[in-house]
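Input: a single structure, listed below in structure tokens.
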Amino acid sequence: MAVSTINASGHTRPATSAEARNTIATSGEQTVSNGASVTISHDAISTPPIVTGWKAAAAPTEWKLLIHGDAFPFTDAVGNGNTVNNTGCTLDSSSTPVGNGSILFEPAGDRLTVTPSGYTWQAQWTLECWVNPAAIGAQSGGRWIIGRLSGSTSVFGLILASDGSGNVGLYLSSDGSSWNIVEGTTVATMSAGTWYHVVIQRDATHYAVYINGSRTANISSGAALYSSTIALTFANHPDAGVSDGKFTGKITEIALRATAAYSGSSLTVPSTRYDVTSSRDLLAHGVDFSVAVNSTGTQTTITNTSGASYTASFYVDL
């Protein structure tokens, strides 16, 4: 048969009359555990086929959340099963420091909430994003950029000051009932209409804040944040019923990693969006599989003999 096929490097090539390429699954990918088999059907053949494919490597395990902010609807790009709940936010393409857009929080009250799946913030972590406030004027309770709070349980807050000064205060709690690690320490001063790269991280003994690459706070504390699955809320007081505490502006490239990603007094500000999509490694012909054809030559059974589980697209060259 003569067909056009997609080869393992993703390029279309014409097949000769003596060969064709068949994929094992119409869905394109599936997981084949070590020792497991999968069977495909094809035209009758008289010689054994050659099996090849891609091994898909998962995103690094330290990535817990990544919201690019440049495509709507806003979703988690890591693939950990996190649901991003959007109340009113839209895509803005007028200006952005990385990627092709940002999340617009306007009018006041727009917000995103997300609970990183199974993550309780007890170990080392790095939370970062780009922030561009539309307004810094006085507002009762301040303008909450990022927060984790539920009722009387307090965990975390990054808040534009209520007096309209543009000062940004950091709030952290290890007991859930008071800001006992830090309460309102000024870590930045922001102006309306300006982009800021913001990093908050914890290593074993410190909480650090970096603004536009410079470390602006280094708080000595061995206490971890209060253990909870309270959601991260962006651009609004975490209790939605509270009438104040509303940030307006833009936020993009929200990232959470379960590691202290930076050290020292400065860092290199990212100039592009993060890419943690799965990588793909070409599997060698015939090395990682055993192949058996049925008696009529119309089915090939491929068995994974690699010693590891593969999530892959496999192909049979006939």
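The values are calculated or read from the model by the stated rules, or taken from the named source; none is laboratory data. Since the structure is predicted, the reported quantities are computational estimates derived from the model, not experimental observations. Virtual Cβ from ideal backbone geometry, glycine too; neighbours counted across all protein chains shown.
Details
- For residue 103: the one exception among (1) farther than 17 Å from residue 129 by Cα; (2) under 16 Å from the mean Cα position of the chain (by Cα): (1)
- Once the stretch 118-136 is narrowed to residues that are modelled with pLDDT of 95 or more and of a type in the set (Gly, Ala, Ser), the residue that is nearest to residue 184 (Cα to Cα) is 135.
- Being within 22 Å of residue 74 (Cα to Cα) and buried (at least 22 other Cβ atoms within 10 Å of the Cβ) is a description that does not apply to residue 231.
- Some residue of the stretch 115-122 being in the same structural domain as residue 199 (by TED's automatic domain parsing) and farther than 24 Å from residue 202 by Cβ: no
- Unique residue being among the small types (Gly, Ala, Ser) and either buried (at least 17 other Cβ atoms within 10 Å of the Cβ) or farther than 16 Å from residue 64 by Cβ (or both) when the list is 117, 177: 177
- Taking the criterion of being at pLDDT below 95, of a type in the set (Lys, Arg) and in contact with a strand residue (DSSP E or B) (Cβ under 6 Å, 6 or more places away or on another chain), the only residue of the stretch 224-261 that qualifies is 257.
- When residues in the stretch 143-178 are screened for being part of a loop (DSSP other than H, G, I, E, B) and out of contact with any Phe, Trp or Tyr (no Cβ under 9 Å at 6 or more places or on another chain), 9 of them pass.
- Among the conditions (1) over 19 Å from residue 212 (Cβ atoms); (2) of a type outside the set (S, T, N, Q); (3) at pLDDT 95 or above, the only one that residue 187 does not satisfy is (1).
- Every residue from the stretch 90-107 that is surrounded by 13 or more Cβ atoms within 10 Å (Cβ to Cβ), touching a residue at least 24 places away in the same chain (Cβ under 8 Å) and within 28 Å of residue 240 (Cα to Cα): 92, 96, 101, 102, 103, 104, 105, 106
- Strands (runs of 3 or more DSSP E) (entirely within the stretch 262-318) containing at least 3 residues that are within 29 Å of the chain's Cα centre (by Cα) and modelled with pLDDT under 85: 279-283, 310-317
- With respect to the conditions (1) surrounded by 13 or more Cβ atoms within 10 Å (Cβ to Cβ); (2) of a type outside the set (A, V, I, L, M, F, W, C); (3) in contact with a Lys or Arg (Cβ under 7 Å, 6 or more places away or on another chain); (4) not assigned by TED's automatic domain parsing to the domain that holds residue 71, residue 262 falls short on a single one, namely (3).
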